[in-house]
1. Taking the options GLY258, GLY240, GLY251, name whichever one is assigned to a strand (DSSP E or B) and not basic (Lys, Arg).
2. Out of all the residues in the stretch 254-263, which are aliphatic (A, V, I, L, M) and surrounded by 18 or more Cβ atoms within 10 Å (Cβ to Cβ)?
3. Can you confirm whether the stretch 117-131 contains a residue that is at pLDDT below 95 and away from the ligand (no atom under 12 Å from the Cβ)?
4. Of the conditions (1) within 15 Å of the ligand (Cβ to nearest atom); (2) in a helix (DSSP H, G or I), GLN481 satisfies every one except a single condition; which number is it?
5. Output the number of the condition that ILE434 fails; it satisfies all remaining conditions of (1) under 23 Å from the mean Cα position of the chain (by Cα); (2) away from the ligand (no atom under 15 Å from the Cβ).
6. Spot the failing condition for ASP218; the list is (1) modelled with pLDDT of 95 or more; (2) away from the ligand (no atom under 16 Å from the Cβ); (3) not in a strand (DSSP E or B), and only one is missed.
7. Which is within 16 Å of the ligand (Cβ to nearest atom), crowded, with 24+ Cβ neighbours inside 10 Å, under 22 Å from the mean Cα position of the chain (by Cα) and more than 30 Å from LEU487 (Cβ to Cβ), of ALA447, ALA443, ALA429?
8. Only one of ALA305, ALA272 is more than 13 Å from the ligand (Cβ to nearest atom) and outside the structural domain of LYS146 (by TED's automatic domain parsing). Can you tell me which?
Amino acid sequence: MDYTARERDADFLMNDVFDVQKSWAEIEAYQELSSDLIKAVVAEGGRLASEIMAPLNEVGDAHGCELKDGEVITPPGFKDAFAQLTQGGWLGLSGNPAFGGQGMPKSVAGLIEEMFWAANSSLFLYGSLTVGACLSIDAHGSAEQKNTYLEKLYSGQWTGAMALTESHAGTDLGMMRTKAEPQADGSYNITGTKIFITSGEHDMAENIVHLTLARIVDGPKGTKGISLFIVPKFLPNEDGSLGPRNGWASGSLEHKMGINGSATSVINYDGAKGFLLGEEHQGLGAMFTMMNYERLSVGLQGLGAGDLAYQHSARYAQDRIQGRSATGAQNPDAEADSLLVHPDVRRMLLTQRAYVDGCRAFAFFAGMQLDAAKHKGDEQADRFGQLLTPVVKAFLTDKGLEGAVMAQQILGGHGYVKEWGVEQIVRDARIAQIYEGANGIQALDLAGRKVVRDGGKTLAELLDVLAEFEIDPEHEPQVAQAFARLLRASQSMVARSNEDANLPGAVSADFLDLMGMTLCAWAWGVMAHQAGDDDFGLAKKQTARFFFARLLPRTLGLEQSILASSDVLMDMPEALFNA
Ligand SMILES: Cc1cc2nc3c(=O)[nH]c(=O)nc-3n(C[C@H](O)[C@H](O)[C@H](O)COP(=O)(O)OP(=O)(O)OC[C@H]3O[C@@H](n4cnc5c(N)ncnc54)[C@H](O)[C@@H]3O)c2cc1C
């Protein structure tokens, strides 16, 4: 499936919109980063995405994965493409340099992750789970664990997986039953069954390192009794070579709606040897330290899907001729005009584009907060990163799917049949709203933990900081109104939550949407101001006009909806749901 990496957009965000060199100058670890180096990295990442990964997107969907004699076989070509991804050091792009990582900012890595997700989300999943495992081991591992695992994971010689979910314990991990029995040698025997484990078993690396949540026997009940373990497929010898096969196996592969090239396994642990990662009973906390990074990445999966869908539908709309313009024939020599003459088709294209570009900009800003928190110990940036993360995860994946469905609509019946590939984008994009914390949980996290809990203080601070950016004068009043609306909605939510425990959950989805729209408004205000007068800049300015005139007004309805009490949801007796 054709995909063009957004190198120019990456450059625009880094240099014109956010002036990253200025922020990086204050960070010791980024002193060596020149704009030429970053430009070369982005260009090479884009080449890999469009030339190596994208051509395998349909192949992965058509072939899927196969389980044969306990081994999972990935789609044709995946192994070679993954080797190119790993040999280029892409899995360690923002990894710890002490163990072979490249130490790049997460904000920059995010721009490249978006390209990999867009090009082939199934293939990149094998890499992104490895990146996630590295984050946990780097943050919580002993020196020995870091030495044993990090270099091999960054290089892709081994890959990672996260094993949390059980059939009866998804969102509510406190109910998990997988148990860990302490052994005399300090290791643990892990027994239980996990489901839905992405990259849990496959044929692309010589070893697969599971980070598995389990309950140490006789440990506390609920989430407080859960610990995190490293449970590799092959137990490493002291010299790092592969030892005996560990006691876990893929019991079956899940049959899915999309991301068919990604192997999703049921994993049976049968007394498998596990090594405690971090402290006993602190497993959930250890998983959560990497969540902000992972959730940012899954948000970028939604963004990538949205952009891929936009690119396809924009090309299609230009080529497809159907009907005549309302103002008279635009292409009288042809039998009909292109789809682009129809205002409603333009509405769909501009909606897609407005969300893709707006979301990319505020996701980049969120990445900058994570970088500043990590390398400067910036307490405010840390809070901003935490506040923005659920919005990036949920808003980008929601809009990614919405955009993909619009692209499908632009193709009409050709969007529904397989031949043109857009239906695959719709099927592949859907999962990003569900895993890594379903979007309803992201909204609850935002409304309850990130806004109500601190009385809206961090949100108000964030809006103050965002207001310092130069906004295009044409859109300045609209951005100011959007900020005021979000602030009012947050104050109302905070005040009413004191009296009504259901309130944050009742309004959370609309609140998250309102915040995502407001961040898009800010991003468009800033981008329109920085855009030049070439085609790239003019397209940005036009899209900004569309966003402010046609999409931002939706926030009026969202504010109104947030003012409703939780009674309209909670008064309905349970029995009536099936009446
Ligand atoms: C293709 C795929 C890949 C996956 N990869 C992995 C993986 O690699 N590792 C792994 O461990 N897991 C993985 N998962 C599991 C995924 O993270 C879970 O499916 C997800 O966390 C939701 O859990 P659940 O399916 O049990 O849904 P449930 O927890 O039953 O939730 C169902 C719905 O109820 C809502 N809900 C639940 N509790 C609350 C609440 N307290 N407040 C408000 N709403 C609530 C949820 O938002 C959701 O919409 C994967 C799943 C799929 C389908």
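The values are calculated or read from the model by the stated rules, or taken from the named source; none is laboratory data. No experiment lies behind these values; they were computed from the predicted model shown. A quick note on method: Cβ atoms are made from the backbone with ideal geometry, for glycine too, and the neighbour counts reach across all protein chains shown.
1. Working: GLY258 fails: assigned to a strand (DSSP E or B); GLY240 fails: assigned to a strand (DSSP E or B).
So the residue among GLY258, GLY240, GLY251 that is assigned to a strand (DSSP E or B) and not basic (Lys, Arg) is GLY251.
2. Narrowing the stretch 254-263 to residues aliphatic (A, V, I, L, M): 257, 259, 263.
Residues satisfying the conditions are ILE259, ALA263.
3. Yes, that holds for at least one residue.
4. With respect to (1) within 15 Å of the ligand (Cβ to nearest atom); (2) in a helix (DSSP H, G or I), GLN481 is out only on (1).
5. It fails just one condition, (2).
6. For ASP218, the exception is condition (1).
7. Details: ALA447 fails: more than 30 Å from LEU487 (Cβ to Cβ); ALA443 fails: more than 30 Å from LEU487 (Cβ to Cβ).
Sole residue among the options that is within 16 Å of the ligand (Cβ to nearest atom), crowded, with 24+ Cβ neighbours inside 10 Å, under 22 Å from the mean Cα position of the chain (by Cα) and more than 30 Å from LEU487 (Cβ to Cβ): ALA429.
8. On the way: ALA272 fails: outside the structural domain of LYS146 (by TED's automatic domain parsing).
Of the residues listed, the single one that is more than 13 Å from the ligand (Cβ to nearest atom) and outside the structural domain of LYS146 (by TED's automatic domain parsing) is ALA305.
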